[in-house]
Amino acid sequence: MITIVTHPLVQHKLTLMRERSTDNALFRETLREISFLLAYEVTKTLELGTREIETPLERGSFPWLEGRRICFVSILRAGNGLLEGMLDLVPDARVGHIGLYRDHKTLQPVRYYLKLPDAIGEREVIVVDPMLATGNSSAAALTMLKSEGARRLRFMCLLAAPEGVAKIEREHPDVPIYTAAVDRCLNDKGYILPGLGDAGDRIYGTA
Ligand code: URA
């Protein structure tokens with residue numbers, strides 16, 4: 001299942017990020033702002049608990065989101081651009097990181113880093129990566145998380161290509177996808193068209 005977040009603020013900010021002339025600082029800041037708005041959607045169906053508190057007038061039981069039950073997993077390195085804002089909203093969330101590179105011969109993603117919090121199977125896991133392009137690394141990350149015991153997963157990105165969406169839907173039909181847009185296609189280097197370029201380079205100024 002895919003949710004496209006069509007909110008005008010998201011769409012406006014995405015256009016700003018697509019623009020070639022947007023510099024690294026503005027790109028990073030806008031990504032952070034969009035991450036709040038995407039987080040609002042991706043967390044919408046999280047289960048609320050309750051907490052007994054005292055208001056200045058009475059004692060009572062009120063809605064409470066147990067942040068520690070949530071785990072954000074960033075796919076390095078561009079995932080970190082979305083992670084920052086998510087952590088502002090849910091500061092108690094646990095964080096995992098997955099590092100993957102593409103083997104030039106096989107073109108398959110190879111893991112070079114994996115660090116997850118304990119009891120991943122008990123947590124609501126939200127995987128973040130701004131660009132869902134071929135879907136190879138995202139699908140591999142989801143497979144790794146499942147083999148580590150994760151059971152409840154969501155995938156959040158900024159921009160997707162139809163090819164990447166199809167791959168996740170085929171290989172991980174249980175994982176809902178949240179994105180601001182699905183673009184036209186991939187080019188022969190695996191970049192999303194019209195896209196916004198290399199998200200990692202634009203976040204960190206490494207182009
Ligand atoms: N990764 C990016 O950063 N950009 C793309 O267009 C595709 C993958």
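The values are calculated or read from the model by the stated rules, or taken from the named source; none is laboratory data. Being a predicted model, the structure only gives us computed values, none of them experimental. Heads up, the Cβs are rebuilt from the backbone with ideal geometry, glycines too, and the neighbour counts pull from every protein chain shown. Accessible surface areas use protein heavy atoms only, side chains included; no ligands, DNA or RNA. Shrake-Rupley method; radii C 1.70, N 1.55, O 1.52, S 1.80 Å.
Quick notes on this structure:
- Residue match in the range 63-74 (condition: more than 16 Å from the ligand (Cβ to nearest atom), at pLDDT below 95 and touching a Pro at 6+ places or on another chain (Cβ under 7 Å)): yes
- Subset of the range 169-187 (residues that are over 21 Å from F72 (Cβ atoms), within 15 Å of the ligand (Cβ to nearest atom) and not in a strand (DSSP E or B)): D183, R184, N187
- Restricting the range 188-197 to residues that are over 10 Å from A133 (Cα atoms) and either more than 8 Å from the ligand (Cβ to nearest atom) or modelled with pLDDT under 95 (or both), the residue that is least open to solvent (accessible area, probe 1.4 Å) is P194.
- Annotation: N136 fulfils all but one of (1) within 16 Å of the ligand (Cβ to nearest atom); (2) within 21 Å of L38 (Cβ to Cβ); the unmet one is (2).
- Screening the candidates A207, A166 for the property of being away from the ligand (no atom under 14 Å from the Cβ), more than 22 Å from P117 (Cα to Cα) and out of contact with any His (no Cβ under 6 Å at 6 or more places or on another chain) yields one hit, A166.
- Unmet requirement for L46, which otherwise passes all of (1) farther than 19 Å from L145 by Cβ; (2) in a loop (DSSP other than H, G, I, E, B): (1)
- The condition of being under 25 Å from R202 (Cβ atoms) and of a type in the set (A, V, I, L, M, F, W, C) does not hold for I70.
- Any chance G121 is more than 13 Å from the ligand (Cβ to nearest atom), surrounded by fewer than 19 Cβ atoms within 10 Å (Cβ to Cβ), at pLDDT 95 or above and within 23 Å of V110 (Cβ to Cβ): no
- The range 1-43 - residue that is of a type in the set (G, A, S) and assigned to a helix (DSSP H, G or I) and, of those, nearest to I177 (Cα to Cα): A39
- Residue check: G85 meets all listed conditions (1) at pLDDT below 95; (2) surrounded by fewer than 17 Cβ atoms within 10 Å (Cβ to Cβ); (3) outside any strand (DSSP E or B) but one, namely (2).
- No other residue among V95, V90, V5 is more than 27 Å from K167 (Cβ to Cβ) and buried (at least 16 other Cβ atoms within 10 Å of the Cβ) apart from V90.
- Residues of the range 125-152 satisfying the condition of being outside any helix (DSSP H, G or I), aliphatic (A, V, I, L, M) and open to solvent by less than 10 Å² (accessible area, probe 1.4 Å): V125, I126, V127, V128, L132, A150
- Residue within the range 55-64 that is open to solvent by less than 70 Å² (accessible area, probe 1.4 Å) and either touching a Leu at 6+ places or on another chain (Cβ under 8 Å) or among the aliphatic types (A, V, I, L, M) (or both) present: no
- Residue within the range 153-163 that is assigned to a loop (DSSP other than H, G, I, E, B) and out of contact with any Asp or Glu (no Cβ under 7 Å at 6 or more places or on another chain) present: yes
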